[in-house]
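Engineer: Structure in structure tokens, see below.
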Amino acid sequence: MSRLEEWTAEATPIDFVDKESWPILAETLPPPIAAFARACGFDGKVGAHLLAPGPDGAPAVVLFGVEAAGARHRDPFLPGKLATSLPPGLYRLREGVSDSYSAALAFLLGGYSFSRYVAPKKERPRLCAPQDADRARIERVAAALCFGRDLVNTPANDLGPEALAEAALALAVRHGAEARVIAGDALLSENFPLVHAVGRAAAQAPRLVDISFGPEEAMKVTLVGKGVCFDSGGLDIKPSSAMLLMKKDMGGAATALALADILMGSSARLRLRVLLPIVENAISADAMRPGDIYPSRKGLSVEIGNTDAEGRLILADALALAAEEDPDLLLDFATLTGAARVALGPELPAFYTGDDSLALEIETYGRKLGDPVWRLPLWEPYDSQLDGKASNIVNVSSSGHAGSITAALFLRRFVTKPEKWAHFDLFAWTPFAKPGRPEGGEIQTARLLAELIEERAARWSVKT
């Protein structure tokens, strides 16, 4: 569900209340509804809702408990709970809701279900477009995030390298963008040896998708997304329990595509490039081995310390390509390390950048939009742990500690201007359903970065 209905006064209104305001609001309600609410024990508890009937028994109003205005932690997705708890029907947010944009977006995202293989179990409630919010943007953002969720949720038997590349190309066609694909041994002739090395063992050939959109003289933004459609770990094979969610190892590519979908559908004037190295990390006679040494696009020789650290290898070639164009902003997305999840959990993506002002900007937009991130350091003393003895660099550190940090330091070796670069270590999955976030694939950081990039592009246009 990613569309809103036309506003009508006939829709059932939804009132947001909190424990502090509830006694005051109760006095303004028709006495029968107030009495019904008291009889049901409704008191504005966060997340609680009450569908109160009118004199004819039809729904008259929905009361929904939210956090108080001064609450330290407010969940912008909380209204998404209504998308699964209300009965079918047409609803509207009462005029005066403090953030109708976020509430409507949360409602649409809360109504998402992955229905490729199983039809939805029941009809969902519908919401009118708020009169004081940008309907087109709400629907565009919701549709992009649901598109990304669909990609992450689709298993590898139906979303291998070919299908993921096709999805990217279809997005490019929809927005009138230019796109090309480099696949199989052509990766070697065009100097992407690490992408080829990681993906050559799979039944479907590795590939790199390159999408360009917008005027060449505009602000240049490049998005790089890790597209490992399934990660067995390679010869350093994962245990079965660690393989269960590896269909989501292309979550970085899904995030880049969802963000690109939002940006290409906006009025932002920018030169957008999307680079997706796409592979399956499989096992066969042609699989890369621990101890192998490969060249990279940047010219650095890379030793394979562990075949399960493959994401950083394919990103390295893509980042080197991106850096050749010297973009004004270079962002990469990857479900890269378990270490980031151990440190921050599934809801809080780690990010790295070589610029403090960019970091502050990212954090500010994250807090503003309820799209949380947490900066981790590019800790210089750990960088030497990646130095190779028979190669320039090894793909895993010699200590085994600080895995997310050393992975980011590895990527930095392939970026020419770290002050224009940020790396996001994502989980791309909601392990337990929450309001607005059903269990399954999730697109993190795209909302905050869309606004950040759009506002940067606006400032750039004024400046130039």
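The values are calculated or read from the model by the stated rules, or taken from the named source; none is laboratory data. Bear in mind that the values here come from a model prediction, so they are computed numbers and not experimental data. No Cβ is skipped: glycine too gets one built from the backbone with ideal geometry, and neighbour counts run over all protein chains shown. Remember, those area values only see protein heavy atoms, side chains included, never the ligands or the DNA or RNA. Shrake-Rupley method; radii C 1.70, N 1.55, O 1.52, S 1.80 Å.
Engineer: Using only Cα atoms, find the angle between the long axis of helix 403-412 and the longest principal axis of the chain, and express it within 0 to 90 degrees, rounded to the nearest 10.
Structural biologist: 60 degrees
Engineer: Can you give me the relative contact order of the range 342-434 as a percent, contacts being Cα pairs under 8 Å and 6 or more apart?
Structural biologist: Reported relative contact order: 41 percent.
Engineer: Another one. I need the P(r) histogram for the chain: all alpha carbon pairs, bin width 20 Å from 0 out to the longest distance, whole percents.
Structural biologist: Binned Cα distances yield the sequence 25, 51, 21, 3, 0.
Engineer: What is the distance, in nm, between label points placed 7 Å from the Cα along the Cα-to-Cβ direction at ARG367 and at THR416?
Structural biologist: Those two pseudo-labels are separated by 3.5 nm.
Engineer: Follow-up question, since we're still on this one. Compute the helix-to-body angle for 161-175: its Cα long axis versus the longest principal axis of the chain, expressed 0 to 90° and rounded to tens.
Structural biologist: 60 degrees
Engineer: Right, here's the next one. Carbon and sulfur: what percent of the chain's accessible surface (1.4 Å probe)?
Structural biologist: On the chain, the fraction of accessible area on carbon and sulfur atoms equals 54 percent.
Engineer: Now for a separate question. I'd like the distance between the alpha-carbon centres of the range 396-464 and the range 178-197, rounded to an integer number of Å.
Structural biologist: 24 Å
Engineer: For the range 344-464, what class follows from the C-alpha gyration tensor (a ≥ b ≥ c being the square roots of its eigenvalues): rounded when a/c is under 1.5, otherwise prolate if a/b is larger than b/c, else oblate?
Structural biologist: Cα axes put the range 344-464 in the oblate bin.
Engineer: Sticking with this structure for a sec: Any lysines with Cα under 25 Å of the LYS226 Cα? List them, leaving off those in the same chain fewer than 8 positions away.
Structural biologist: Reachable lysines: LYS238, LYS247, LYS248, LYS298, LYS417, LYS420.
Engineer: On the full set of protein chains, 1.4 Å probe, figure out the accessible area of GLU380 and give it in Å² to the nearest 10.
Structural biologist: Accessible area, nearest 10 Å²: 110 Å².
Engineer: What's the percent breakdown of Cα-Cα distances in the range 299-403 across 10 Å bins, shortest bin first?
Structural biologist: Each 10 Å bin holds this share of Cα pairs: 12, 38, 38, 11, 1.
Engineer: Something else about it: Tabulate in residue order the Karplus-calculated ³J(HN,Hα) for the range 376-387, using 6.51 cos²θ - 1.76 cosθ + 1.60 with θ = phi - 60°, rounded to whole Hz; enter x for Gly and Pro.
Structural biologist: With coefficients 6.51, -1.76 and 1.60, one gets 10, x, 7, 6, 4, x, 7, 4, 5, 5, 9, 5 Hz.
Engineer: Send over a whole-number figure in Å² for the accessible area per residue of the chain, probe 1.4 Å.
Structural biologist: In whole numbers, the chain has 41 Å² accessible per residue.
Engineer: If you don't mind, there's one more thing I want to ask. Would you list, by chain and number, the aspartates and glutamates whose Cα falls below 20 Å from the Cα of LYS45, excluding same-chain residues fewer than 8 positions away?
Structural biologist: ASP15, ASP18, GLU20, GLU27, GLU67, ASP75, ASP99
Engineer: Shifting gears a bit: To the nearest Å, what is the center-to-center distance of the range 40-87 and the range 92-134, using C-alpha atoms only?
Structural biologist: Going from one Cα centre to the other spans 14 Å.
Engineer: Any chance you could check the Cα centroid distance between the range 1-35 and the range 235-288 for me, in angstrom?
Structural biologist: The two parts, judged by their Cα centres, are 42 Å apart.
Engineer: Evaluate the relative contact order of the chain (contact order divided by residue number), counting alpha-carbon pairs under 8 angstrom at least 6 apart; express in whole percent.
Structural biologist: Across the chain, relative contact order equals 16 percent.
Engineer: Considering only DSSP beta bridges with both partners in the chain, what is the antiparallel share in %, to the nearest 5?
Structural biologist: Among the beta bridges of the chain, antiparallel pairing accounts for roughly 45 percent.
Engineer: What fraction of the DSSP beta bridges in the range 2-94 is antiparallel, stated in percent and rounded to the nearest 5?
Structural biologist: In the range 2-94, approximately 40 percent of DSSP beta bridges are antiparallel ones.
Engineer: Another one. Counting only helical runs of four or more DSSP H residues, what would the 222 nm mean residue ellipticity of the chain come to if each run contributes -39,500 (n - 2.57) and the total is spread over all its residues?
Structural biologist: Computed ellipticity for the chain at 222 nm equals -10000 deg cm²/dmol.
Engineer: By its C-alpha gyration tensor, with a ≥ b ≥ c as the square roots of the eigenvalues, how is the range 312-369 shaped: rounded for a/c under 1.5, else prolate for a/b larger than b/c, else oblate?
Structural biologist: Here the range 312-369 falls in the oblate category.
Engineer: If you don't mind, there's one more thing I want to ask. Among the aspartates and glutamates, which fall within straight-line cross-link reach of LYS122, defined as a Cα-Cα distance under 18 Å, with same-chain neighbours fewer than 8 residues apart omitted?
Structural biologist: Here the aspartates and glutamates satisfying the reach criterion relative to LYS122 are GLU439.
Engineer: Helix 251-264: angle to the longest alpha-carbon principal axis of the chain, degrees 0 to 90, nearest 10?
Structural biologist: Its long axis makes an angle of about 60 degrees.
Engineer: In addition: Please report the relative contact order for the range 1-148, taking Cα pairs under 8 Å with a sequence separation of at least 6, and give it as a percent rounded to a whole number.
Structural biologist: 32 percent
Engineer: Give me the accessible area of ARG124, 1.4 Å probe, in Å² rounded to the nearest 10.
Structural biologist: We get 70 Å² for ARG124.
Engineer: Ranked highest first by the average count of other Cβ atoms within 10 Å around their residues, in what order do 241-248, 99-106 fall?
Structural biologist: 99-106, 241-248
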